[in-house]
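These notes concern the structure reproduced below.
The values are calculated or read from the model by the stated rules, or taken from the named source; none is laboratory data. Not measured: the values here are computed from a predicted model. Here Cβ is always computed from backbone atoms with ideal geometry, including for glycine, and neighbour counts include all displayed protein chains. Surface areas here come from the heavy atoms of the whole protein model, side chains and all, with no ligands, DNA or RNA. Shrake-Rupley method; radii C 1.70, N 1.55, O 1.52, S 1.80 Å.
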Amino acid sequence: MMQTPLTMTQMLKRAEMFFPKKQVISRTTSGIQRFSYKEFADRTRRLADSLTKLGVEKGEKVGTLAWNHHRHLEAYFAIPCMGAVLHTINIRLTPQHISYIINHAEDKVLLVDPDILPLLEKCGSELNTVKAFIVMTDEPELPETTLSPVYHYENLLKEANRTFSFPDDIDENAPAGMCYTSATTGNPKGVIYTHRGIVLHSLALGLADSGGLSEKDVAMPVVPMFHVNAWGMPFAGVWFGTTLVMPGPYFTPKLLAELIQTEKVTITAGVPTIWLGLLKELEEGSYDTGSLRSILCGGSAAPKGMIKTFEQKYKIPFKHAYGMTETSPLALISTLKSYQEELSPEEKLELRSKQGTLVPGLEMKIVGKDGEVAWDGKEMGELCLRGPWIASEYYKDERTKDAFRNGWLHTGDVVTIDEEGFVKIVDRTKDLIKSGGEWISSVDLENALMAHEAVFEAAVVAIPHERWQERPIACVVLKDAYKGKTRKEELFDFLKPQFAKWWIPDDILFLDEIPKTSVGKFLKRTLRDQVQREVLK
Ligand code: ADP
């Protein structure tokens with residue numbers, strides 16, 4: 001067979017060639033804008049020309065600090081296709097971490113949204129590699145800023161060449177993108193995505209039993225483009241000629257519901273918190289969500305109760321998936337096998353709330369205390385992965401040696417696997433609760449609590465215990481209608497028949513909200529400190 005390189009340039013060219021009439025629908029500060037793929041490709045070529053004129057060379061990093069919109073999508077293709085490296089920066093990190101990331105990656109140019117400028121200004125004097133800032137604004141004038149030199153995105157594009165030709169000698173193993181994952185302690189860790197990795201991951205996203213993304217879809221990536229490439233949906237979407245809906249800055253559940261209704265979105269992707277918010281909105285308002293054929297949910301465990309409500313009440317198929325920054329991210333997806341369709345609704349829901357089976361193209365093993373664990377749904381071990389879209393190291397970081405050993409990525413996630421090969425994430429190694437020498441899964445308890453009608457969100461953390469070493473404490477946010485009316489005894493009674501006695505939390509605390517990470521996951525470390533202060537005072 002031919003050894004043709006798998007590069008992102010072929011993805012862009014295919015969209016340009018076959019789908020010039022398809023659309024990118026982009027919400028920005030001035031409203032909804034629509035671009036044909038022809039316009040998108042022209043603007044992408046112009047951006048590459050502008051960056052070349054600013055001196056960006058092959059292999060150099062160009063950072064983005066931006067929401068999900070058409071300009072960010074243009075950067076997603078212009079930068080890798082010109083041979084440079086698209087470095088998406090998580091705008092929810094602290095200025096200290098953002099400065100660290102930019103300096104560590106040695107970004108040469110930064111593309112930034114106007115509302116994120118103040119955050120970047122806080123890093124200003126710390127940034128020692130950046131030669132130019134480009135503001136992605138709808139306004140004709142540049143906003144006031146202390147950063148320099150600053151360019152206007154649209155003005156640069158106006159002066160640029162729309163027939164800019166991309167180099168055709170890009171190595172498929174060359175870096176195309178990079179993203180830093182927020183480490184719980186210490187500085188963020190960088191992961192490089194190669195052209196080959198992105199192409200193969202995109203193919204996986206299109207497989208019917210995985211994401212099933214296709215030309216016919218209207219796809220709305222809600223997961224931020226600054227977090228693991230919006231799970232690769234923009235890359236695959238452009239390649240397949242999918243209509244893309246970019247929800248833009250500061251969206252609300254109401255706005256998402258409206259976009260689904262008016263743009264007839266068929267597939268969307270995001271973390272459970274987003275879908276909990278959308279569910280609340282659907283319960284309060286009246287929307288037509290009939291176009292939706294799939295909600296992809298990952299990033300943290302999808303509560304069973306939520307999957308059930310989406311599917312049974314709103315008839316929206318829900319796909320639970322698992323991945324991480326290091327895995328591009330798609331690694332596991334919970335798609336039922338044909339013969340499992342015969343199971344009872346409860347059994348099917350149980351399976352669908354697991355993280356699922358391995359996506360074709362990857363390999364896995366689950367390593368427990370005594371080697372690989374049994375496929376019995378009980379024995380726990382650490383999930384290890386390898387494959388063409390799994391990172392092989394952290395970028396210039398000595399923490400590589402902990403996570404990448406013997407050719408495997410050690411995910412730090414503790415899992416079980418059942419007879420059918422369905423993997424269930426039990427916890428992150430550091431969030432497991434160790435009580436009397438046994439492990440308690442915080443995720444299982446959270447899932448059970450979130451299935452109670454009064455509960456909006458629940459997180460379970462450990463507190464130190466003299467006799468048992470650790471004990472679980474549950475933190476619960478009640479739905480508005482149940483606030484002040486639901487007592488903890490009711491929740492205890494609900495949990496007791498479902499778990500062994502020693503799994504039942506020592507206490508249930510009612511909170512107004514649960515602290516979240518920059519990407520909407522429970523911030524267990526902060527919550528643990530908060531709970532320990534409260535309970536042990
Ligand atoms: P971080 O949260 O560290 O910034 P990532 O976004 O890469 O970085 O998170 C990856 C982690 O998220 C996984 O290691 C796993 O613990 C968790 N995760 C991802 N998907 C799921 C899921 N479907 N269910 C449970 N946990 C998940």
Only residues that are under 20 Å from Leu157 (Cβ atoms), out of contact with any strand residue (DSSP E or B) (no Cβ under 8 Å at 6 or more places or on another chain) and in a loop (DSSP other than H, G, I, E, B): list them for region 68-110, please.
-> Met82, Gly83
Exactly one condition in (1) modelled with pLDDT of 95 or more; (2) in contact with a helix residue (DSSP H, G or I) (Cβ under 7 Å, 6 or more places away or on another chain); (3) under 29 Å from Cys297 (Cβ atoms) is not met by Ile170; state its number.
-> (3)
Tally the residues that are away from the ligand (no atom under 14 Å from the Cβ), assigned to a loop (DSSP other than H, G, I, E, B) and of a type in the set (D, E, K, R), restricting the search to region 334-383.
-> 6
In region 415-446, what residues are without any contact (Cβ under 8 Å) to a residue 40 or more places away in the chain, surrounded by fewer than 22 Cβ atoms within 10 Å (Cβ to Cβ) and more than 25 Å from the chain's Cα centre (by Cα)?
-> Lys434, Gly437
Give the number of residues within region 384-413 that are assigned to a strand (DSSP E or B), under 20 Å from Gly186 (Cβ atoms) and hydrophobic (A, V, I, L, M, F, W, C).
-> 2
Scan region 14-40 residue by residue and report those that are surrounded by fewer than 16 Cβ atoms within 10 Å (Cβ to Cβ) and farther than 23 Å from Thr137 by Cβ.
-> Arg14, Met17, Phe18, Pro20, Lys21, Lys38
Among (1) more than 21 Å from Gly212 (Cβ to Cβ); (2) crowded, with 22+ Cβ neighbours inside 10 Å - the single one Asp376 does not satisfy | (2)
Report whether or not Val228 is open to solvent by less than 10 Å² (accessible area, probe 1.4 Å), over 22 Å from Ala41 (Cα atoms), within 15 Å of the ligand (Cβ to nearest atom) and not basic (Lys, Arg).
-> yes
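Residue-by-condition table, conditions (1) of a type in the set (Ser, Thr, Tyr); (2) assigned by TED's automatic domain parsing to the domain that holds Ile91; (3) farther than 19 Å from Asp107 by Cα; (4) at pLDDT below 95:
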site	(1), (2), (3), (4)
Phe18	no, yes, yes, no
Thr29	yes, yes, yes, yes
Ser36	yes, yes, yes, no
Glu39	no, yes, yes, no
Arg43	no, yes, yes, no
Ala48	no, yes, no, no
Gly55	no, yes, no, no
Glu60	no, yes, no, no
Determine whether region 471-480 contains at least one residue that is open to solvent by 50 Å² or more (accessible area, probe 1.4 Å) and at pLDDT 90 or above.
-> yes
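Taking the conditions exactly as written (among the acidic types (Asp, Glu), part of a helix (DSSP H, G or I) and open to solvent by 20 Å² or more (accessible area, probe 1.4 Å)), does Glu57 satisfy them or not? If you could, list the steps in order and put the result at the bottom.
On the way: among the acidic types (Asp, Glu): yes; part of a helix (DSSP H, G or I): no; open to solvent by 20 Å² or more (accessible area, probe 1.4 Å): yes.
Spelling it out, it is not the case that Glu57 is among the acidic types (Asp, Glu), part of a helix (DSSP H, G or I) and open to solvent by 20 Å² or more (accessible area, probe 1.4 Å).
Here's the yes/no breakdown for (1) closer than 28 Å to Leu449 by Cβ; (2) of a type in the set (S, T, N, Q); (3) within 19 Å of the chain's Cα centre (by Cα); (4) not assigned by TED's automatic domain parsing to the domain that holds Glu215:
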position: Ile295; (1), (2), (3), (4): yes, no, yes, yes
position: Met306; (1), (2), (3), (4): yes, no, yes, yes
position: Leu358; (1), (2), (3), (4): no, no, yes, yes
position: Gly381; (1), (2), (3), (4): yes, no, no, yes
position: Leu385; (1), (2), (3), (4): no, no, yes, yes
Within region 232-258, which residues are assigned to a helix (DSSP H, G or I) and open to solvent by 10 Å² or more (accessible area, probe 1.4 Å)?
-> Trp239, Phe240, Pro253, Lys254, Leu255, Glu258
Taking region 285-315 and the residues there that are out of contact with any Ser or Thr (no Cβ under 9 Å at 6 or more places or on another chain) and among the aromatic types (Phe, Trp, Tyr), the one that is surrounded by the fewest Cβ atoms within 10 Å (Cβ to Cβ) would be Tyr287
So, first residue farther than 13 Å from Ser334 by Cα in region 288-304, second residue open to solvent by 10 Å² or more (accessible area, probe 1.4 Å) and aromatic (Phe, Trp, Tyr), Cβ within less than 9 Å, six or more apart or across chains; the pairs are Thr289/Tyr314; Leu292/Tyr314; Gly299/Trp231; Gly299/Tyr322; Ser300/Phe522
Going through region 185-217 one residue at a time, which ones are aliphatic (A, V, I, L, M), touching a Gly at 6+ places or on another chain (Cβ under 7 Å) and over 25 Å from Ser518 (Cα atoms)?
-> Leu200, Ala204, Leu213
Are any of the residues in region 41-52 in a helix (DSSP H, G or I), under 19 Å from Leu142 (Cβ atoms), open to solvent by less than 10 Å² (accessible area, probe 1.4 Å) and small (Gly, Ala, Ser)?
-> yes
